[in-house]
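Please treat every number below as a calculation from the coordinates, not as lab data. These numbers were taken from a predicted model, which means no experiment stands behind them. Don't worry about glycine lacking a Cβ; one is built from the backbone with ideal geometry, like all the others, and counts go over all protein chains shown.
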Amino acid sequence: MTKLSNDSTTVPNEVDIIIAGGGAAGCTIAARLAKAAPSLSILVIESGINNKDLPQVVNPALYLTNLAPDSKTATFHVGNASEHLNGRELIVPVGGCLGGGSSINFMMYTRGQGIDYDDWNTDGWSQKDLIPLLQKTETYHNPDPRINKSVHGYQGDYQVSRSGYVSMGLQEDIFRVAGEIGMKVAPDANDLKEANAFAPWQRWVDPKSGRRQDSAHVMVHPLLEAGTTGLQVLTEHKVLKVLTENGRAVGVEFVPNIGTAQMVTPATEAVATPKSVRARKLVVVSAGALGSPCILERSGIGRKDVLSKVGIPIVSEVPGVGENYQDHNLFLNVYTANAEPSDSFDPFLDGRRSFDDEIAALSNTDLETPRYAAWNGLDVAGKVRLTQSELERTPEAFRALYERDYANRPERPLMVIPMVQAFLGDHAVVPQAQYLTAACFTSYPYARGSIHITGKNASDKLDFDTGMLNNPFDLEALVQGYKRQREIVRRSKYFAGPEGIILGPKFPETGKAFKWDWPTENGALTPYTEEDDEAVKDFIRNVVATTWHSCGTCAMKKKEEGGVLDSRLNVYGVEGLKVADLSIIPSNVSGNTYSTALLIGEKASCLIAEELGIEGF
């Protein structure tokens, strides 16, 4: 039997476990169960292509090519036009290949806070329960003696490191500036507690090979190549729906993903006919926050009005399916930088630095020699809270929420501010130079959106409301983020001056923020008029975007509270069916979500193993 194929004829009629989706969580579940119980027949059905040894996946420096409009490794979802975004339709990419988002993300090792897991208020999912699983995933490379080793893992499958290059000049300069404006500098802002400091940033990159640590290459491909387990992967096929009989999941129906293969013609139309495979023990839906709720709805699990509108009989009425959509709100500010080409990621992006030469240089065993192909241009970031003086200048409604949810919770950051030694956009539209991007994304947006099907087919348009900025708190938080990054950038020796602002608000020349040379001594801040604040808000509405951290649409909480799953990931009203991916989290985490996706996969594996009587977990 072929272990990995895009040919559905290799799929048997029946297996023990079906996993619908081969992203970070799905790959983790499949690999953990297959290793612990090699006799189990496990089938992963992934809608995207095989990612094995794809250069744009395994080489960190090529990560932005995965987000190009013609990408074969990403899937792009288009949100509904929104007045909160000045009429824009937000585009939200997700992983479109085996490994899911772990194959195309920015590789930032950014954990959530420990209290984020406590806030889920779900039995078995507190930080006390989950920290051992976070440690299980990682081998953390950081020799700094100040690191709290008790919260990191040192024998896990995934390598976490500084990778092939670090812009020490930018890192040290940002640390200097942070101190000037009263911020802490910490050895580790991902210790599950630190919420108000800048720190060096690690990456999901192997320090020896320089390769990305995606879930497929780390967990699944070695098992498939060994051929000693019952694990099988079918790529380029979408799970259309879960098949149920007498209230129990018994299999799935799937179709070719035409987006990754040839166009349907009369000669290939028969190939596109839905096929099915049965599951003797369990079906696990793991298609992400934008995919899993749609699979459930096409299976007859969801809101009555959504299902009846498209003529799908109700199997289990669960109103929370597709609701509670969340994403971190991201915007970028771009500046021309006083940086040498050798200390910048831009030469990769504008063609001055040869990808081929740098990829060949990865074989250099001298780890002190720059290996740019293992770099992502992002070496320093901060988790940020507001100062009392900043808070006093915010609107009353914002202050009330901040006082309620942040003031007495010092482990809760308002935002994350990464500094990138590059312009991440199209270099054809900017002069050849070195750039500095100050990014900002809010940790816990109050906005909520939704995603629902509009038809029975996997190719039908989705009703996707991102919800972004539909709560005024989020917009004001981003305004504060703009002001904080500006205070950092204008003090940095890398800032080439206001004439080099590539992306930022258009301030009225009569306002105060138009001027960039205000005093910086003793933490002095730039003043803003009401018109200046409106200019910042308009800029944010025009540019705010996804952080690729979609979550929450199959929330793990009580059904009467809008939940879809119980604490063991069982879908309400259907036996033998679980969901395990970022759609399950009831509320957001402060940081990039890869670590949490792996955590969900580890926890789901433990729950399934316990129910099936598999030992070794």
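Mind putting a number on the dipole of the stretch 273-317 about its Cα centre? Charges go on the C-beta only, +1 for Lys and Arg and -1 for Asp and Glu, and I need it in Debye to the nearest 20.
Details: 8 positive and 3 negative charges, 54 e Å.
Magnitude of the dipole: close to 260 debye.
Taking the number of other C-beta atoms within 10 Å as the exposure measure, put I488, I29, I614 in order starting with the fewest.
So the ranking, lowest neighbour count to highest, is I614, I488, I29.
Of G230, G601, N50, whose Cα points farthest to the positive end of the dipole of the chain (charges on the beta-carbon: +1 Lys, Arg; -1 Asp, Glu; origin at the Cα centre)?
In the chain, that residue is G230.
Around L424, what is the net charge, scoring Lys/Arg as +1 and Asp/Glu as -1 over all other residues with Cβ under 13 Å from its Cβ?
Residues close to L424 contribute a combined charge of -3.
Just to confirm the number: angle between the C-alpha axis of helix 127-137 and the first principal axis of the chain, 0 to 90 degrees, nearest 10?
With rounding to tens, the tilt is 80 degrees.
Quick check on the chain: of the DSSP beta bridges with both residues there, what percent are antiparallel, nearest 5%?
65
In the chain, with Lys and Arg counted as +1 and Asp and Glu as -1 at Cβ, which of these residues, L503, T137, L90, has the Cα nearest the positive end of the dipole, that is, farthest along it?
T137
State, as an integer percentage, the relative contact order of the chain based on alpha-carbon contacts under 8 Å between residues 6 or more apart.
Details: 1454 pairs, mean separation 132.6, N = 617.
Result for the chain is 21 percent.
Classify the stretch 70-129 from the C-alpha gyration tensor, please: rounded if a/c falls under 1.5, else prolate or oblate depending on whether a/b exceeds b/c.
oblate
Under 18 Å Cα-Cα from K241, which lysines qualify once same-chain neighbours fewer than 8 residues away are excluded?
K275, K281, K304, K309, K456, K461, K578
Rounded to the nearest 20 debye, what is the charge dipole size of the chain about its Cα centre when +1 sits on each Lys and Arg Cβ and -1 on each Asp and Glu Cβ?
Roughly 880 debye for the chain.
Express as a percent, rounded to the nearest 5, the fraction of DSSP beta bridges in the stretch 75-176 (both residues included) that run antiparallel.
Expressed as a percentage, antiparallel bridges in the stretch 75-176 total about 70.
Considering the dipole of the chain built from charges on the beta carbon (Lys and Arg +1, Asp and Glu -1) around the Cα centre, which of V185, V250, T546 is farthest to its positive end?
Projecting each Cα onto the dipole axis, the largest value belongs to V250.
Can you give me the long-range amide H partners of W201? Hydrogens built in the peptide plane at 1.01 Å from N, cutoff under 5 Å, separation of 5 or more residues or another chain.
Under 5 Å from the amide H of W201 lie the amide H atoms of V380, A381, each far enough along the sequence or on another chain.
Cα gyration tensor of the stretch 22-73, axes a ≥ b ≥ c as square roots of the eigenvalues: rounded (a/c below 1.5), prolate (a/b > b/c) or oblate?
Taking the square roots of the gyration eigenvalues as a ≥ b ≥ c, the stretch 22-73 is prolate.
Relative to the longest principal Cα axis of the chain, at what angle does helix 530-543 sit, 0 to 90 degrees, rounded to 10?
With rounding to tens, the tilt is 30 degrees.
About its Cα centre, what dipole magnitude does the stretch 126-185 give when the only charges are +1 on Lys and Arg Cβ and -1 on Asp and Glu Cβ, stated in debye to the nearest 20?
Charge dipole, the stretch 126-185, about its Cα centre: 180 debye, nearest 20.
For R303, which sequence-distant residues (separation of 5 or more, or a different chain) have an amide H within less than 5 Å of its own amide H, given hydrogens modelled in the peptide plane?
Long-range HN contacts for R303: V318, V321.
For the stretch 1-114, give the share of DSSP beta bridges that are antiparallel, in percent and rounded to the nearest 5; count only bridges with both residues there. Walk me through the numbers on the way to the answer.
Working: 7 of 12 bridges.
Roughly 60 percent of the beta bridges in the stretch 1-114 run antiparallel, per DSSP.
Got a sec? How would Y594, Y154, Y325 order by Cβ neighbour count within 10 Å, fewest to most? Can you show the working numbers first?
Numbers: Y594 28, Y154 11, Y325 25.
Starting with the residue having the fewest Cβ neighbours, the order is Y154, Y325, Y594.
Computed from these coordinates, which is Rg and Dmax of the Cα atoms in Å: [x] 25.5, 83; [y] 23.8, 73; [z] 32.0, 103?
Recomputing Rg and Dmax of the Cα atoms in Å here gives the entry labelled [y].
Which of S215, S209, S150 comes first, and how do the rest follow, when ranked by fewest Cβ neighbours within 10 Å?
Ranking S215, S209, S150 by Cβ neighbours within 10 Å, fewest first, gives S150, S209, S215.
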